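The values are calculated or read from the model by the stated rules, or taken from the named source; none is laboratory data. Just so you know, these numbers come straight off a predicted model, no measurement behind them. Here the Cβ positions follow ideal geometry from the backbone for every residue, glycine too, while neighbour counts run over all protein chains shown. Just so you know, the surface numbers come from the protein's heavy atoms only, side chains and all, with ligands and any DNA or RNA stripped out. Shrake-Rupley method; radii C 1.70, N 1.55, O 1.52, S 1.80 Å.
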Amino acid sequence: MREAEVVLRALVPLAYPCKITRAKMEEAWGSCTLKTNPPRFLIRIAKGITDEQAIDTLIHEWSHARAWLEQTLDHSAYWGVAFSECYQALYEE
């Protein structure tokens with residue numbers, strides 16, 4: 001997952017810094033929140049999932065962070081474009 005994080009940071013930059021952590025999560029594989037003062041994203045990826053699932057979840061949550069300032073719906077068209085950017089950065093170089 002670390003390699004995916006490096007690629008996303010380089011090729012699909014976010015509006016604010018982002019901290020990525022692994023956490024015990026029971027209801028989801030990941031989450032993305034925007035913290036304030038100073039503004040920064042926090043992406044949490046569930047412990048106990050496979051590396052492939054963690055990378056897929058990172059792409060999903062990074063897409064939320066990427067589209068955060070533009071979207072009004074959780075999985076809006078902006079999110080879809082951001083997801084495509086993330087996927088292409090990791091798998092279609």
Arranged from highest to lowest average of other beta-carbon atoms within 10 Å per residue, in what order do the peptides 78-89, 32-43, 51-62 appear?
51-62, 78-89, 32-43
Heavy-atom accessible surface of the chain: percent carbon and sulfur, 1.4 Å
51
The extension gain from M1 to E27, computed as 0.36 nm times the residue separation minus the Cα-Cα distance, is 7.3 nm
In square angstrom, what is the accessible area per residue of the chain with a 1.4 angstrom probe?
63
Options (i) 13, 34, 26, 18, 8, 0; (ii) 18, 52, 29, 1; (iii) 15, 32, 22, 16, 10, 5, 1 are given for P(r) over Cα pairs in 10 Å bins from 0, in percent, and the computed one is (ii)
Along the charge dipole of the chain, Cβ charges K/R +1 and D/E -1, which of Q53, P39, C86 sits furthest on the positive end?
P39
